[in-house]
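Notes follow the structure.
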Amino acid sequence: MNVTLVSNRNGSSACIMRRIIIGIGGVTNGGKTTLTKRLTGVLPNCCVIHQDDFYKPPDQIEVGEDGFKQWDVITSIDMEAMVDTVTAWVENPVKFAHSHGIPSTESDENVQILILEGFLLYNHKQLAKMCTERYYLTIPYDECKRRRSGRNYTVPDPPGLFDCHVWPMYLKHRQEMEESDVKVVSLDGLLSKDAIFNYVYTDIENNILNSS
């Protein structure tokens, strides 16, 4: 957690601004976006940065040995631009929020929260380190494939993509994350949306917002 001493208008020190970065990571179609939206609606002064917004143009995505464009690898994302955006929030969260149309919550104006949402957050050392807390949603293969097949993407999944690319890359990146010893709070994506939200919100409230 990043803190900054904030001054009153007369120049005297007032209070400490707390910057809290919450990571919401995990498997594709695991419930990351749904959880992020609910948290954004209840947390004070909360901005969101979605990893998906930093995908490189399609013509920059290579075709791998599996025969598919490599959308599910970290090199398909402009991570440098994402880190720069997070850094801009860290440097001035109030200005960042205002520029994105996020109104300040006066009762909690000294608490500024940023949610990072994406499937490869914790495979990037700098981003993982910047997070105050890291949540990681998981669901089993069968459920993930069922949910994925029910989604309407702008570019539909070609036949075989899930089994030959999406799921293998998920397992690979999850193993890499675990081997890098990044500490995450694992969440069972098979639980109800309410159960997942209530657990995470209570955890944030008890262990982050109300901590000294």
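The values are calculated or read from the model by the stated rules, or taken from the named source; none is laboratory data. None of the values given here were measured: they were computed from a predicted structure. Virtual Cβ from ideal backbone geometry, glycine too; neighbours counted across all protein chains shown. Protein only, heavy atoms only, side chains kept; ligands, DNA and RNA dropped before computing areas. Shrake-Rupley method; radii C 1.70, N 1.55, O 1.52, S 1.80 Å.
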From the residues 206, 139, 120, which one has its Cα farthest along the dipole of the chain in the positive direction, the dipole being from +1 and -1 charges on Cβ of Lys/Arg and Asp/Glu about the Cα centre? 206
Convex hull volume of the stretch 13-82 per residue (C-alpha atoms, cubic angstrom): 120 Å³
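To one decimal place, what orientation-averaged projected area in nm² is obtained for the convex hull of the Cα set of the stretch 122-202? Please report the intermediate quantities before stating the final value.
Working: hull surface 26.5 nm².
Mean orientational projected area (the stretch 122-202, Cα hull): 6.6 nm².
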Give me Rg/Rg_expected for the stretch 155-212, where Rg uses Cα atoms only and Rg_expected = 2.2 N^0.38 Å with N residues. 1.60
Which whole-number percent of Cα pairs in the stretch 73-127 have a distance greater than 16 Å? 49 percent
Of 149, 27, 111, which is farthest on the positive side of the dipole of the chain, counting Cα position, with +1 on Lys and Arg Cβ, -1 on Asp and Glu Cβ, and the Cα centre as origin? 111
Overall Cα dimensions of the chain - principal axes, largest extent first, Å: 64, 37, 33
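Determine the equivalent ellipsoid of the stretch 28-140 by diagonalising the alpha-carbon gyration tensor, then write out the semi-axes as square roots of 5 times the eigenvalues, largest first, rounded to whole Å. Can you show the working numbers first?
Numbers: eigenvalues 163, 52, 29 Å².
Its equivalent ellipsoid spans semi-axes of 29, 16, 12 Å.
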Expressed as a whole number of Å, what is the distance separating the alpha-carbon centroids of the stretch 185-211 and the stretch 14-63? 16 Å
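Let me check against my output: what whole-number percent is the relative contact order of the chain, with C-alpha pairs under 8 Å and at least 6 apart?
31 percent
When N counts the residues of the stretch 75-183, how does its alpha-carbon radius of gyration compare numerically with 2.2 N^0.38 Å, as a ratio?
Working: Rg = 17.3 Å, N = 109, 2.2 N^0.38 = 13.1 Å.
After normalising by residue count via 2.2 N^0.38 Å, the value is 1.32.
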Violations at 30 Å Cα threshold for listed pairs 129/193; 69/95; 69/193; 56/145 -> 69/95; 69/193
Taking amide hydrogens as modeled 1.01 Å from N in the peptide plane, which residues meet the under 5 Å criterion relative to residue 47, leaving out close sequence neighbours? 113, 114, 115
Return the tail of the calculated pair distribution for the stretch 101-143, meaning the percent of Cα-Cα pairs more than 15 Å apart. 59 percent
Tell me the accessible surface of residue 145 in square angstrom (1.4 angstrom probe, heavy atoms of protein chains only), to the nearest ten. 80 Å²
Expected sort for 121-127, 176-182 on mean C-beta neighbours within 10 Å, highest first, is 121-127, 176-182
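Just the accessible area per residue of the chain, please: how many Å² with a 1.4 Å probe?
Values: 11710 Å² over 212 residues.
Accessible surface, normalised per residue, equals 55 Å².
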Using the basic label-point model (7 angstrom from Cα toward the beta carbon), what is the residue 65 to residue 205 distance in nanometres? 5.0 nm
Residue 90 neighbourhood, Cβ < 14 Å, K/R = +1, D/E = -1, net charge +2
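Ranked from highest to lowest mean number of other Cβ atoms within 10 Å per residue, what is the order of the peptides 50-63, 194-207?
Working: 50-63: 12.5, 194-207: 14.9.
Ranking, from highest mean packing down: 194-207, 50-63.
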